[in-house]
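Below is one structure; the comments refer to it alone.
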Amino acid sequence: MKMCKHYQSMMIEVLYEEVNSAEMEQFEAHLRECPACAREYEQLQSMLGIMHQRRQPELDASYWERYWERLSSRLEQKITSHSFLENLREKVASLFPEIPGWGYRVAAAAALLTAGIFIGRILFTPSVPMQTREESSRIPVQYATVRQEVDQYLEKSKLVLMGLMNTDPQQEAEFMENFSLQQEISQNLVQQSGALKKKLDSPAHQRLKELISELEMILRQIANLDKQFDLDEIQIIKLGVKHKFLLFKIHIEEMKASGPDSTAVQEEEEQLIL
Amino acid sequence: MPRDPDVTETTKLQQFEEIVKQYQQQIFRLAYHLTGNTQDAEDLSQEAFIKGYQGFDRFRGDAQIGSWLYRITVNTWIDARRKKHYTDRDIQSTYREERKARSEPAPDPEHYMETSFLQQCIENALEQLSPREKSVFVLRHYHQYKLKEIGSTLQISEGTVKSLLYRAVQKLRDYLNNYRKEIGL
């Protein structure tokens with residue numbers, strides 16, 4: 001009986017031919033003497049034979065020829081979203097080269113905590129006292145108007161750029177139809193850029209002004225494309241958007257604009273007046 | 001000299017394309033044996049290649065690329081099973097879908113019933129296994145991996161591989177015993 005247990009546990013290796021010849025001989029000798037183990041072995045052998053009859057995939061050559069094509073389009077989407085985050089991480093790392101691995105985890109925890117406090121302030125702070133509302137209403141109309149113009153400019157630019165980044169001109173016929181509209185919007189935005197930059201002519205708005213200049217350059221490239229443009233030109237523009245982090249910068253500006261802290265707005269407004 | 005990220009990415013992509021072309025059929029076959037249908041196999045194999053691409057920079061040359069991709073595929077499948085991403089499909093409707101995709105004519109009804117019953121039994125038997133048991137069984141039975149190779153591919157001990165395989169075989173036998181007459185066991 002004890003020997004049966006030993007040979008039963010060996011059956012898997014025997015069935016899959018993972019025993020040496022000496023072990024095999026011993027096993028066969030046991031089976032000749034033990035009908036119960038011989039039956040068990042036979043059953044397992046025929047069961048594995050049944051499992052070999054499992055249907056196998058039969059796919060023709062064209063399936064394999066197109067496999068990479070299907071995979072690469074999925075990969076491209078992943079790379080685009082991944083490289084954006086990766087570039088951002090590299091940029092942060094280059095700004096703070098001394099930060100060790102754990103530093104990022106601490107930073108992440110701090111960011112989470114800050115976000116928690118931020119959300120908490122929004123959700124659980126009692127409604128803004130009347131006095132503060134009055135204070136904020138004293139923000140000069142001048143800055144509010146400029147800010148509104150900037151927001152609209154950024155919003156429209158974002159839509160044009162996102163339309164460009166998220167569309168594959170090789171696959172979507174609609175792209176060509178919509179592109180003329182995107183060019184028209186780009187042209188209008190380019191025309192607005194100069195005036196807008198003049199209104200932001202204060203050191204406090206240097207970064208915003210730079211962003212508008214960068215956007216102006218890209219939008220001008222879009223607006224100036226010929227009707228018979230080359231797909232490579234689109235690719236170059238896309239790379240420009242990606243490398244300059246334009247969508248990310250717009251997002252940051254949007255976050256600043258929608259932030260609940262009116263102090264920053266007031267500070268900016270004061271500097272604008274000065 | 002500063003490296004150009006786009007050039008690096010392009011080179012990496014070209015190298016990876018070669019690897020995919022070399023291993024696509026093997027990885028797809030493994031994915032098929034784990035999921036049981038071509039649709040999920042395509043999804044799983046591509047997901048595994050994408051993970052492979054993302055970890056390509058970290059791939060150490062001391063392991064075989066094939067084993068590395070096999071490990072990614074099995075782990076991706078086990079994770080997906082945990083999240084119940086791949087649901088059990090009605091095997092007969094899967095046949096119909098796949099035959100339609102290959103534009104094959106419908107087989108003789110009697111043969112179809114027999115085959116599909118057997119196939120149904122096999123798939124159901126495999127469903128009795130835990131993801132780890134099934135992975136080990138698939139690698140040994142359909143991919144001729146030695147127990148030692150399974151251990152190094154899945155990064156578990158050979159003893160664990162043996163006991164998982166033993167349990168898998170016992171479960172398969174117990175399940176198929178219920179249909180011994182019908183399937184000629």
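The values are calculated or read from the model by the stated rules, or taken from the named source; none is laboratory data. This structure is a prediction, so every number in the text was calculated from the model and none was measured. Don't worry about glycine lacking a Cβ; one is built from the backbone with ideal geometry, like all the others, and counts go over all protein chains shown.
For the range A:239-248, check the following and say yes or no: at least one residue is touching an Asp or Glu at 6+ places or on another chain (Cβ under 9 Å) and hydrophobic (A, V, I, L, M, F, W, C).
yes
Only one of (1) part of a loop (DSSP other than H, G, I, E, B); (2) at pLDDT below 95 fails for B:H143. Which number is that?
(2)
Quick check on A:S46: is it more than 9 Å from every other protein chain (Cβ to nearest Cβ), small (G, A, S) and in a helix (DSSP H, G or I)? Working first, answer last.
Details: more than 9 Å from every other protein chain (Cβ to nearest Cβ): no; small (G, A, S): yes; in a helix (DSSP H, G or I): yes.
The answer is no for A:S46.
Restricting the range A:8-22 to residues that are over 20 Å from B:L164 (Cβ atoms) and part of a helix (DSSP H, G or I), which is nearest to the other protein chains (Cβ to nearest Cβ)?
Initially, the range A:8-22 is screened for residues over 20 Å from B:L164 (Cβ atoms), giving A:20-22.
Of the ones still in play, those that are also part of a helix (DSSP H, G or I) are A:21-22.
Values: A:S21: 17, A:A22: 18 Å.
Taking the candidates together, the pick is A:S21.
Output the residues belonging to the range B:149-161 that are of a type outside the set (V, I, T) and within 19 Å of the chain's Cα centre (by Cα).
Start the filter on the range B:149-161 by keeping residues that are of a type outside the set (V, I, T), which leaves B:149, B:151-152, B:154-155, B:157-159.
If the condition is that a residue be of a type outside the set (V, I, T) and within 19 Å of the chain's Cα centre (by Cα), then B:E149, B:G151, B:S152, B:L154, B:Q155 are the ones that fit.
Hey, B:T160 hits all of (1) among the β-branched types (V, I, T); (2) surrounded by fewer than 16 Cβ atoms within 10 Å (Cβ to Cβ); (3) in contact (Cβ under 8 Å) with a residue 40 or more places away in the chain but one; which does it fall short on?
Of everything listed in (1) among the β-branched types (V, I, T); (2) surrounded by fewer than 16 Cβ atoms within 10 Å (Cβ to Cβ); (3) in contact (Cβ under 8 Å) with a residue 40 or more places away in the chain, B:T160 misses just condition (3).
Pairs under 9 Å by beta carbon, first residue among the small types (G, A, S) in the range A:25-45, partner loosely packed, with under 12 Cβ neighbours inside 10 Å, six or more apart or different chains?
From the range A:25-45, the pairs are A:A38/A:R32.
Out of B:Q15, B:Q26, which single residue is at pLDDT 90 or above and surrounded by fewer than 17 Cβ atoms within 10 Å (Cβ to Cβ)? Give the derivation first.
Details: B:Q15 fails: at pLDDT 90 or above.
Just a single option satisfies the conditions, and that option is B:Q26.
Take B:L164 and tell me if it is in contact with an Asp or Glu (Cβ under 8 Å, 6 or more places away or on another chain), at pLDDT 95 or above and within 12 Å of chain A (Cβ to nearest Cβ). Break it down stepwise before answering.
Values: in contact with an Asp or Glu (Cβ under 8 Å, 6 or more places away or on another chain): yes; at pLDDT 95 or above: yes; within 12 Å of chain A (Cβ to nearest Cβ): yes.
So B:L164 passes the test.
Tell me which of these A:E25 doesn't satisfy, since it passes every other one: (1) surrounded by 13 or more Cβ atoms within 10 Å (Cβ to Cβ); (2) part of a helix (DSSP H, G or I).
Condition not satisfied by A:E25: (1).
Quick one: A:R32 ticks every box in (1) more than 11 Å from every other protein chain (Cβ to nearest Cβ); (2) surrounded by 11 or more Cβ atoms within 10 Å (Cβ to Cβ) bar one, so which box is it?
So the condition that A:R32 fails would be (2).
Please work out if B:L176 is surrounded by 15 or more Cβ atoms within 10 Å (Cβ to Cβ), assigned to a loop (DSSP other than H, G, I, E, B) and at the interface with chain A (Cβ under 8 Å from one of its Cβ atoms).
Numbers: surrounded by 15 or more Cβ atoms within 10 Å (Cβ to Cβ): yes; assigned to a loop (DSSP other than H, G, I, E, B): no; at the interface with chain A (Cβ under 8 Å from one of its Cβ atoms): yes.
Spelling it out, it is not the case that B:L176 is surrounded by 15 or more Cβ atoms within 10 Å (Cβ to Cβ), assigned to a loop (DSSP other than H, G, I, E, B) and at the interface with chain A (Cβ under 8 Å from one of its Cβ atoms).
Being facing another protein chain (nearest Cβ under 7 Å), over 30 Å from B:D43 (Cα atoms) and in a helix (DSSP H, G or I), is that true of even one residue in the range A:66-73?
Checked against the condition, which is being facing another protein chain (nearest Cβ under 7 Å), over 30 Å from B:D43 (Cα atoms) and in a helix (DSSP H, G or I), the range A:66-73 yields no hits at all.
Hey, any hits in the range A:35-43 for a residue that's modelled with pLDDT under 80 and of a type in the set (D, E, K, R)?
Of the residues in the range A:35-43, the ones modelled with pLDDT under 80 are none.
The answer is no; no qualifying residue exists.
What's the number of the condition B:S135 fails, among (1) under 19 Å from A:G49 (Cα atoms); (2) at pLDDT 95 or above; (3) within 14 Å of chain A (Cβ to nearest Cβ)?
Condition (3) is where B:S135 drops out.
Within 7 Å of chain B (Cβ to nearest Cβ) and part of a helix (DSSP H, G or I): which single residue out of A:K78, A:K5 fits that description?
Working: A:K5 fails: within 7 Å of chain B (Cβ to nearest Cβ).
Exactly one of A:K78, A:K5 is within 7 Å of chain B (Cβ to nearest Cβ) and part of a helix (DSSP H, G or I), namely A:K78.
Pick from the range B:124-143 the residues that are surrounded by 17 or more Cβ atoms within 10 Å (Cβ to Cβ) and of a type outside the set (A, V, I, L, M, F, W, C): which of them is nearest to the chain's Cα centre (by Cα)?
At the first step, the residues of the range B:124-143 found to be surrounded by 17 or more Cβ atoms within 10 Å (Cβ to Cβ) are B:125-126, B:129, B:132-142.
Remaining after also requiring of a type outside the set (A, V, I, L, M, F, W, C): B:132-135, B:140-142.
Numbers: B:R132: 12, B:E133: 13, B:K134: 9, B:S135: 8, B:R140: 12, B:H141: 12, B:Y142: 10 Å.
Among those residues, the one meeting the criterion is B:S135.
Within the range A:47-70, is there a residue that is small (G, A, S), modelled with pLDDT under 85 and farther than 30 Å from A:M11 by Cα? Steps first, answer last, please.
The initial filter retains those residues of the range A:47-70 that are small (G, A, S), namely A:49, A:61-62.
Still in the running and modelled with pLDDT under 85: none.
The answer is no, given that none of the residues of the range A:47-70 is small (G, A, S), modelled with pLDDT under 85 and farther than 30 Å from A:M11 by Cα.
Among the residues of the range B:42-52, which ones are buried (at least 23 other Cβ atoms within 10 Å of the Cβ) and either more than 10 Å from every other protein chain (Cβ to nearest Cβ) or of a type in the set (A, V, I, L, M, F, W, C) (or both)?
Passing the criteria: B:L44, B:A48, B:F49.
Please go through the range A:226-251 and give me each residue that is farther than 14 Å from A:S157 by Cβ, surrounded by fewer than 18 Cβ atoms within 10 Å (Cβ to Cβ) and more than 14 Å from chain B (Cβ to nearest Cβ), ordered by number.
Scanning the range A:226-251 gives A:D226, A:K227, A:Q228, A:F229, A:D230, A:L231, A:E233.
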